[in-house]
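Below is one structure, written out as structure tokens; comments come after it.
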Amino acid sequence: MHIKRQLSNWLSGENMAESFWKQLFRKIDKACYRPACAIRSRFFGILCKILLVVTFLVVWDFVAHQEGVVRTWVSHAWNELLSLMGDGGTPAPPFEVAKSLGLLVAAFLGLGFTAWRAFAYDRQTVVAEQGHLTERFNKAAEQLGSEHMTVRIAAINALWRIGVDSKSQDDKRAVLDVLCGFVREYRPESLAQSAQVQKKRLARALLKRKHTVSPLKRKATQQVCPPDVQTVLDFLGKRMDALHFKPWRMDYAVDLSGAYLAGCNLSGYSLRGISLHGANLCRVQAEGVDLAQADLGEANVQGANLTFAHLAGAKLWDAYLVGINLGGAHLDRANLGRAHLNEANLFRAHLDEANLGGAHLDGASLEGAHLVGADLLRARLAGANLRVAHLDKANLNGAHLAGADLSRAHLNGSDLSSAHLEGANLWSARLERAIFRLAHLEKADLRDAHLDGADLSKAHLDGADLRVARLNGANFFEAHLNGTDLRAARLEDACLWEAHFDGANLKDIHLNRAALSGAIFKNARNLRQKQIDAACWDGKYPPTLPPGFTCPPNYCEWDLAEQKVVPIDPPDAIAPCPAKEPDE
């Protein structure tokens with residue numbers, strides 16, 4: 001302040017006292033006497049930074065403003081220097097010039113010294129704050145082990161406040177680690193006390209498995225989430241933005257693996273990327289929760305409510321989800337391999353491109369669900385409700401769908417090779433270009449189904465109901481349709497090579513341009529000669545027809561590459577037609 005006062009006096013034209021120089025240099029020497037090396041190195045570094053900033057401000061002021069503050073100050077200083085030269089260009093006394101230059105140097109030195117003092121004070125403040133935060137952190141961590149609920153909740157709030165107050169990402173991570181560890185260690189007293197009892201009960205249940213009651217029929221015990229655990233979940237799910245933590249910089253994920261969270265409330269929480277591997281989430285309330293990219297592998301989520309939850313890309317491998325409510329949930333590209341979803345509610349859920357290989361979905365409700373491109377390899381869907389579901393281009397190879405309801409479902413281009421659909425309801429389903437090779441469709445309901453271009457080679461359709469079904473261009477090579485009801489079905493341009501129609505009802509069936517080579521119509525009912533005349537064969541492998549029928553006059557063959565019937569010219573040597581039935 002003294003330097004500034006003297007400088008202002010000089011700019012106003014007032015005379016300074018001669019003792020000013022002695023006082024100035026005495027103060028500078030006194031300040032620089034203590035740790036000289038460290039002070040000078042820091043001082044000159046700070047001074048260089050200050051000079052760079054001042055230079056930038058001067059250049060910017062001259063370029064950006066025509067009448068800036070810096071330009072005005074420099075012009076006044078220049079005028080003062082010129083006034084020191086005297087009238088008529090006579091130079092001013094050397095003492096005046098030296099005094100002016102000394103004042104300028106002193107001003108710069110005073111500015112640098114002030115900056116250094118501010119820097120040193122800031123470092124001391126940071127060290128003091130770190131010590132204070134460490135003391136607060138240790139005290140709050142000790143209080144987490146208290147027996148009183150209110151003390152633990154206060155400690156949780158204190159730790160969170162430490163994370164918010166600290167600017168260090170490491171401090172924030174430490175706070176999250178302590179809180180997550182607290183949640184992971186929680187176990188209800190009833191579980192801790194009766195661990196041995198439960199092991200004995202489980203052993204007895206395994207010995208008497210035939211007499212045990214299924215998990216769904218057991219009486220559910222009421223489970224309530226403790227307030228301290230719920231407080232931590234509130235912070236993690238609703239207040240992470242206030243923490244200003246950046247986990248992507250440290251490749252960090254909130255870890256609650258193995259935690260006991262049964263009965264907790266997670267509704268509307270944002271827990272993206274969290275690890276809940278092996279956690280107990282029975283009967284949690286989590287409507288609209290965001291668990292995208294989360295890890296719930298082997299977790300127990302029985303009876304939980306996750307309606308409209310976001311689980312895109314989540315890992316649910318081998319998870320126990322029996323009786324869960326996932327209505328309207330988003331599980332696109334989620335990994336549900338070998339997951340247990342028996343009796344689960346997936347009404348209008350989104351499972352596009354999800355992995356459900358080997359999953360258990362017996363009795364599950366998937367009405368209106370989206371499973372486009374999903375992988376259901378060897379999945380178990382016996383008795384499942386898949387009405388109006390979208391399964392286009394899905395992989396259902398070897399899946400078990402016996403008794404499932406697939407009425408009006410969309411399975412265009414899906415792979416159902418070797419799938420089990422005995423007694424399934426496929427009424428009015430869209431199955432264009434679907435693959436049913438070696439599939440079991442015995443007694444299935446395929447009325448008014450759309451199977452145009454479908455591959456049913458070697459499929460088993462004995463006793464199935466295919467009334468008014470559209471089978472144009474379908475491939476029935478070596479398919480079994482014994483006793484099938486095909487009334488008013490359309491099989492134009494279909495491949496019926498070596499297909500078995502023993503006892504099938506073919507009333508009003510459309511066989512225009514259908515390839516009948518090697519087909520067996522033994523004991524077929526309601527078949528007319530005009531229907532056979534509209535078909536065709538290759539002239540080499542005659543079909544087996546009922547007595548009194550003649551082979552069709554048209555010739556064709558099945559193009560394996562194009563998967564369609566192609567007309568051909570009559571061969572030079574035509575085999576006897578119809579084929580004789582082999583002797584019994």
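Every condition in (1) open to solvent by less than 50 Å² (accessible area, probe 1.4 Å); (2) touching a strand residue (DSSP E or B) at 6+ places or on another chain (Cβ under 6 Å) holds for Ile509 except the one numbered (2). Of all residues in the stretch 151-165 being hydrophobic (A, V, I, L, M, F, W, C) and more than 13 Å from Leu243 (Cβ to Cβ), which is nearest to the chain's Cα centre (by Cα)? Restricting to residues being hydrophobic (A, V, I, L, M, F, W, C) and more than 13 Å from Leu243 (Cβ to Cβ), the top hit is Ile156.
Hey, can you tell me all the residues within the stretch 531-563 that are at positive phi and either surrounded by fewer than 18 Cβ atoms within 10 Å (Cβ to Cβ) or assigned to a strand (DSSP E or B) (or both)?
Gly548, Gln563
Just one residue in the set Arg490, Arg467 is touching a His at 6+ places or on another chain (Cβ under 7 Å) and farther than 15 Å from Ser417 by Cα; that residue is Arg490. Taking the stretch 315-325 as the search range and keeping residues that are under 15 Å from Leu296 (Cα atoms), over 15 Å from the mean Cα position of the chain (by Cα) and of a type outside the set (Asp, Glu), which one is most open to solvent (accessible area, probe 1.4 Å)? By that ranking, first place goes to Tyr320. Among the conditions (1) among the charged types (D, E, K, R); (2) in a loop (DSSP other than H, G, I, E, B); (3) in contact with a helix residue (DSSP H, G or I) (Cβ under 7 Å, 6 or more places away or on another chain), Glu287 misses just one, which is (3). Could you list all residues from the stretch 166-176 that are farther than 21 Å from Cys225 by Cα and either at pLDDT 95 or above or surrounded by 13 or more Cβ atoms within 10 Å (Cβ to Cβ) (or both)? Once the filter is applied, which keeps residues that are farther than 21 Å from Cys225 by Cα and either at pLDDT 95 or above or surrounded by 13 or more Cβ atoms within 10 Å (Cβ to Cβ) (or both), the stretch 166-176 yields Ser166, Gln169, Asp171, Lys172, Arg173, Ala174, Val175. Of the residues in the stretch 460-470, none is open to solvent by less than 10 Å² (accessible area, probe 1.4 Å) and within 31 Å of the chain's Cα centre (by Cα). Here Leu376 passes the criteria (1) more than 19 Å from the chain's Cα centre (by Cα); (2) crowded, with 21+ Cβ neighbours inside 10 Å except the one numbered (1). Of the residues that make up the stretch 251-272, is at least one β-branched (Val, Ile, Thr) and closer than 20 Å to Ala339 by Cα? No.
Criterion applied to Leu236, Leu179 was being under 23 Å from the mean Cα position of the chain (by Cα), surrounded by 11 or more Cβ atoms within 10 Å (Cβ to Cβ) and modelled with pLDDT of 90 or more, and the one residue passing it is Leu236.
Applying a threshold of 9 Å to beta carbon distances and a minimum spacing of six or more residues, or different chains, the list of pairs starting in the stretch 240-263 at a residue that is more than 24 Å from Arg283 (Cα to Cα) and free of Cβ contacts under 8 Å to residues at least 40 places away in the same chain and ending at one that is of a type in the set (Ser, Thr, Tyr) and open to solvent by 40 Å² or more (accessible area, probe 1.4 Å) reads Met240/Ser270; Asp241/Ser270.
The set of residues from the stretch 250-291 being hydrophobic (A, V, I, L, M, F, W, C) and open to solvent by 30 Å² or more (accessible area, probe 1.4 Å) comprises Met250, Ala253. Scanning the stretch 476-504 for residues that are under 17 Å from Leu438 (Cβ atoms), open to solvent by 40 Å² or more (accessible area, probe 1.4 Å) and outside any loop (DSSP other than H, G, I, E, B) yields His480, His500.
The values are calculated or read from the model by the stated rules, or taken from the named source; none is laboratory data. Every value quoted in this text rests on a predicted model; they were computed, and no experiment measured them. Neighbour counts are summed over all protein chains in view; Cβ atoms, including those assigned to glycine, are modelled from backbone coordinates with ideal geometry. Accessible surface areas use protein heavy atoms only, side chains included; no ligands, DNA or RNA. Shrake-Rupley method; radii C 1.70, N 1.55, O 1.52, S 1.80 Å.
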